[in-house]
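The values are calculated or read from the model by the stated rules, or taken from the named source; none is laboratory data. Being a predicted model, the structure only gives us computed values, none of them experimental. Here the Cβ positions follow ideal geometry from the backbone for every residue, glycine too, while neighbour counts run over all protein chains shown.
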There are 2 protein chains.
Amino acid sequence: MKSDATMKPHDRMAAYLADDMDAVSALIRERMASKHAPRIPEVTAHLVEAGGKRLRPMLTLAAARMCGYDGPYHVHLAATVEFIHTATLLHDDVVDESAQRRGRPTANLLWDNQSSVLVGDYLFARSFQLMTEPGSMPVMRILSNAAATIAEGEVLQLTAAQNLATDEAVYLQVVRGKTAALFSAATEVGGVIADAPEGQVKALYDYGDALGIAFQIVDDLLDYQGDTGATGKNVGDDFRERKLTLPVIKAVAKADAEERAFWVRTIEKGKQEDGDLDHALMLLYKHDTLTATQRDACDWAEKAKAALAPLPDHELKDMLIDLADYVVSRIS
Amino acid sequence: MKSDATMKPHDRMAAYLADDMDAVSALIRERMASKHAPRIPEVTAHLVEAGGKRLRPMLTLAAARMCGYDGPYHVHLAATVEFIHTATLLHDDVVDESAQRRGRPTANLLWDNQSSVLVGDYLFARSFQLMTEPGSMPVMRILSNAAATIAEGEVLQLTAAQNLATDEAVYLQVVRGKTAALFSAATEVGGVIADAPEGQVKALYDYGDALGIAFQIVDDLLDYQGDTGATGKNVGDDFRERKLTLPVIKAVAKADAEERAFWVRTIEKGKQEDGDLDHALMLLYKHDTLTATQRDACDWAEKAKAALAPLPDHELKDMLIDLADYVVSRIS
């Protein structure tokens, strides 16, 4: 359990929870196997071992330990959360027709869409097997609800993303679904499995919810101002995929007639030409929406930290607070 | 509860279970709704209300009632089974790039692949929410295992389908996964929720397993000898999609060098020309593999009927026996 104040909050937490994280990795490797279909672990390993930060399972472990849990099942729940996340990534890349994820070619590119769809289904099913093992009804309810909310958020994004009428409220709904639902379920089940009092479980839920929203807003912001090396994505991917995210929603709200026509053409109609991304960026700077988006992200990070108040003092609580700051530090 | 000996076994059972079937339909309608994403019920309704026979949920209801169940939860389990089935169909149509299902355009054609993938995910998640509601651990284990086995069978099919080395044993494994796993889970959970003795639960599992295998073999046979009106499919779809099914596997086993070269070209390499389907059909007739396949289907139907022996006399038991005969009567 070595951890050191000079490390990044994420790495510090991983070091603190190293034994638990190892147990999660071992369980993931064990459960992603398939006796009959070797394609399954191939595809899964490509994604699972691609150096993702395992942020979500770590949240479950941290929540459970912070609430004094000393049983074995937080590991199952953490692996469940990671499987749901991985399944979602596989299906997202099919839906978005993505070619890169975490700086590597996506599974749908290396194999085919079919493999991504079906291996994603396999991981979903595996996650449901895992979540039943602790035998806790509330845990199953929380995690299966989260899976439904995620899918609902993705479908909503599908219909809302290219519609200029999408406002910040709808955006928040999409983000709560596609991202925050799994963060909040991850922290909540950690408290539930530890049998923490209701107020603490609620606090953990609120922390996960706010952290997930901050995380997604940062992600959407980095799509317009990140550098490819750090994010493994290209600047402007969301623009090219005609996804209305917060920086653009804020710019549309302030658009004059000419600017509005630009957004209608590029986002709603998808008729993009050379130079359009630069023009879009110019409009974001003109209306200062990148700064405003960054402010929103920081506000959500503050809400996440404040939510933790009902929880007793604990090293992990401090790390969760630092983690909220770290999530938004990527953009400040 | 009107039912009449001149009706088809399937319709007779549906009439006998009419109240339960209505409750399942109502629950399905309620749970396929989405507050936030109207696309979800649109896509689902297209498939759910397309006149599918609801065979699988009916099996759950029949098994539970036959074992004396009088609680409310067989309805939840039946709806779970139908949701898993519907999700699978949505994803299958994306994987197969199908244009027709049950004689109507597929969802991926009417909307897009994205909607089919994500709405399928939503239905999977909904099915997991539903299966937790009875609060029975064995039920959850059976149904989540079935979901994993289905996905595994589909992935196995993906890699095995175009490989001439695929023999009858691998075919059976694929069929057990993609089709029989849900049939056997459907009947098994009916017995489990009714708290039937172990021997009866095992009998129900065996019945569902054998019935599912018979059902899929018939389906694969009809692909080569059915008429479009009855199946909503075109003769030779599997050949065009280069899917090695039982009639072809049996023909490959008997092929001389020239015939083998034909199968390598058309199935393994996918280089198909005009007249190839007729030539393939000729080879199936020459080696009499359609008759042999039909015989296999009938054998599995007999196994299904024999499996029911441990169950006490019951009107529904007679109907399940008739149903097994009916499944193979489509080809005899």
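Evaluation of B:Asp121 against the conditions (1) under 23 Å from B:Asp219 (Cα atoms); (2) without any contact (Cβ under 8 Å) to a residue 60 or more places away in the chain shows that the sole unmet condition is (1). Scanning the stretch A:29-54 for residues that are part of a loop (DSSP other than H, G, I, E, B), at pLDDT 75 or above and away from every other protein chain (no Cβ under 14 Å) yields a count of 2.
Taking the conditions exactly as written (away from chain B (no Cβ under 11 Å), of a type in the set (D, E, K, R) and in contact with an Asp or Glu (Cβ under 8 Å, 6 or more places away or on another chain)), does A:Asp121 satisfy them or not?
On the way: away from chain B (no Cβ under 11 Å): no; of a type in the set (D, E, K, R): yes; in contact with an Asp or Glu (Cβ under 8 Å, 6 or more places away or on another chain): yes.
Answer is no for this residue.
Going through the stretch B:137-150 one residue at a time, which ones are touching a residue at least 24 places away in the same chain (Cβ under 8 Å), at the interface with chain A (Cβ under 7 Å from one of its Cβ atoms) and of a type in the set (A, V, I, L, M, F, W, C)? Break it down into steps so the answer makes sense when it comes.
Pass one, the stretch B:137-150, residues touching a residue at least 24 places away in the same chain (Cβ under 8 Å): B:138-139, B:142-143, B:145-147, B:149-150.
Still in the running and at the interface with chain A (Cβ under 7 Å from one of its Cβ atoms): B:145, B:147.
B:Ala147, the sole residue that qualifies.
For B:Ala210, indicate whether it is aliphatic (A, V, I, L, M), more than 14 Å from chain A (Cβ to nearest Cβ), touching a residue at least 40 places away in the same chain (Cβ under 8 Å) and not in a helix (DSSP H, G or I). Here the answer is no, as B:Ala210 does not meet what is asked.
Per-residue answers, yes or no, for (1) of a type in the set (Ser, Thr, Tyr); (2) out of contact with any Lys or Arg (no Cβ under 8 Å at 6 or more places or on another chain):
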{"residue": "B:Thr266", "(1), (2)": "yes, no"}
{"residue": "B:His287", "(1), (2)": "no, no"}
{"residue": "B:His314", "(1), (2)": "no, yes"}
{"residue": "B:Leu323", "(1), (2)": "no, yes"}
{"residue": "B:Ser329", "(1), (2)": "yes, yes"}
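Can you tell me which residue in the stretch A:242-286 is surrounded by the fewest Cβ atoms within 10 Å (Cβ to Cβ), limited to those that are in a loop (DSSP other than H, G, I, E, B) and touching a residue at least 60 places away in the same chain (Cβ under 8 Å)?
Within the stretch A:242-286, the first condition is being in a loop (DSSP other than H, G, I, E, B), and the residues that meet it are A:242-245, A:254-256, A:269-275.
Right, trim to touching a residue at least 60 places away in the same chain (Cβ under 8 Å) and you get A:242-245, A:270.
Values: A:Arg242: 15, A:Lys243: 19, A:Leu244: 26, A:Thr245: 23, A:Gly270: 11.
Across the stretch A:242-286, the extreme among qualifying residues is A:Gly270.
Of the residues making up the stretch B:292-332, those that are at pLDDT 95 or above, loosely packed, with under 15 Cβ neighbours inside 10 Å and either in contact with a strand residue (DSSP E or B) (Cβ under 8 Å, 6 or more places away or on another chain) or over 22 Å from B:Met66 (Cβ atoms) (or both) number 1. Hey, among B:Val235, B:Val192, which residue is among the hydrophobic types (A, V, I, L, M, F, W, C) and surrounded by fewer than 19 Cβ atoms within 10 Å (Cβ to Cβ)? Of the residues listed, the single one that is among the hydrophobic types (A, V, I, L, M, F, W, C) and surrounded by fewer than 19 Cβ atoms within 10 Å (Cβ to Cβ) is B:Val235. On the stretch given as the stretch B:153-188, residues that are within 14 Å of another protein chain (Cβ to nearest Cβ), of a type in the set (A, V, I, L, M, F, W, C) and without any contact (Cβ under 8 Å) to a residue 12 or more places away in the chain total 2.
Results for (1) closer than 26 Å to B:Ala210 by Cα; (2) buried (at least 24 other Cβ atoms within 10 Å of the Cβ); (3) among the aliphatic types (A, V, I, L, M), shown as yes or no for each residue.
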residue	(1), (2), (3)
B:Gly135	no, no, no
B:Val170	yes, no, yes
B:Val175	yes, yes, yes
B:Lys178	yes, no, no
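In summary, A:Pro134 fulfils each of the numbered conditions (1) assigned to a helix (DSSP H, G or I); (2) more than 7 Å from every other protein chain (Cβ to nearest Cβ); (3) more than 19 Å from the chain's Cα centre (by Cα) with the single exception of condition (1).
A single member of A:Asp276, A:Asp219, A:Asp237 is farther than 23 Å from A:Gly153 by Cα, acidic (Asp, Glu) and out of contact with any Cys (no Cβ under 7 Å at 6 or more places or on another chain), and it is A:Asp276. Reported count of residues in the stretch A:287-297, each being without any contact (Cβ under 8 Å) to a residue 60 or more places away in the chain and hydrophobic (A, V, I, L, M, F, W, C), is 1.
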